[in-house]
1. Could you give the spread of the C-alpha atoms of region 15-192 along their three principal axes, from largest to smallest, in whole angstroms?
2. If each residue's Cβ is checked for other Cβ atoms within 10 Å, how do 49, 79 rank with the fewest at the top?
3. Of the DSSP beta bridges with both residues in region 15-192, give the percent that are antiparallel, rounding to the nearest 5.
4. Please arrange 162, 52 by how many other C-beta atoms lie within 10 Å of their C-beta, fewest to most.
5. Between residue 130 and residue 76, what is the spin-label point distance in nm, taking each point 7 Å from the Cα along the Cα→C-beta axis?
6. Report the Cα centroid-to-centroid distance between region 56-80 and region 95-121 in angstrom, as an integer.
7. Using a Förster radius of 25 Å, what is the FRET efficiency between residue 161 and residue 53 based on their Cβ-Cβ separation? Nearest 0.05, please.
8. Which ordering of 71, 53 is given by a fewest-first count of other beta-carbon atoms within 10 Å?
Ligand SMILES: CC(C)(COP(=O)(O)OP(=O)(O)OC[C@H]1O[C@@H](n2cnc3c(N)ncnc32)[C@H](O)[C@@H]1OP(=O)(O)O)[C@@H](O)C(=O)NCCC(=O)NCCS
């Protein structure tokens, strides 16, 4: 019997990606991830934590790990990138999270400082966008520090548009995700968005 025939089937919601010749498992957060999430936050720089939460929150690694591990799966999407193929012991190197507020689902993301620059953040954002579209969300928003050039560039490449949010020195970014079918079953953008074609190519 060869090895692949006894390997347990991977759930459809999980997938492996190869980035910079390294393998990561992208999957939903589970209740048992709290310690690994704490470790990821604790090993990230204070500056990255500040950019993630737009200010310092006391005891952020512990509180954020507990919050994410217990997130409400009906109202939130929380995806992690796991170093390696998910076999224990494994390390979480990034987490992207979307909370589905009634009107405007809002995302946040963090990649562990020493794992940045290999495409993990971009992959997590693409997967969060795909999950949000599966849930038929029409748009998602995010709040990014004005000096967070990496995140501003990445969201722009993913088709988000920017609005200045001067009060907090942050930039609000918005992506349109879902398009309604008209009476001829042609897809059209909600509210006649003129950038529909561009965004459709970019975000898909
Ligand atoms: C912002 C952050 C999430 C980016 O994560 P990352 O894993 O380092 O980013 P990636 O390597 O995936 O992508 C960044 C770069 O690749 C580009 N990129 C990556 N994959 C790509 C792809 N497949 N196609 C096109 N562009 C891609 C990005 O635009 C960017 O360009 P650069 O590296 O040439 O400057 C990370 O720096 C971080 O955690 N920062 C602190 C927290 C934060 O700022 N959060 C945002 C507010 S919630």
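Coordinate-derived values only; no laboratory data. Since we're looking at a predicted model, the values are computed, not measured. All Cβ positions, even for glycine, are placed from backbone atoms using ideal geometry, and neighbour counts span all protein chains on display.
1. 53, 39, 32
2. Working: 49 19, 79 23.
The most exposed by this proxy come first: 49, 79.
3. Values: 38 of 39 bridges.
So the antiparallel bridges amount to about 95 percent of the total.
4. Numbers: 162 13, 52 22.
Lowest to highest Cβ neighbour count: 162, 52.
5. Between residue 130 and residue 76, the label points sit 2.3 nm apart.
6. Value for the Cα centre distance between the two parts: 11 Å.
7. On the way: r = 23 Å, r/R0 = 0.93.
Plugging the Cβ-Cβ distance into 1/(1 + (r/R0)^6) gives 0.60.
8. Working: 71 17, 53 14.
In increasing order of surrounding Cβ atoms, one gets 53, 71.
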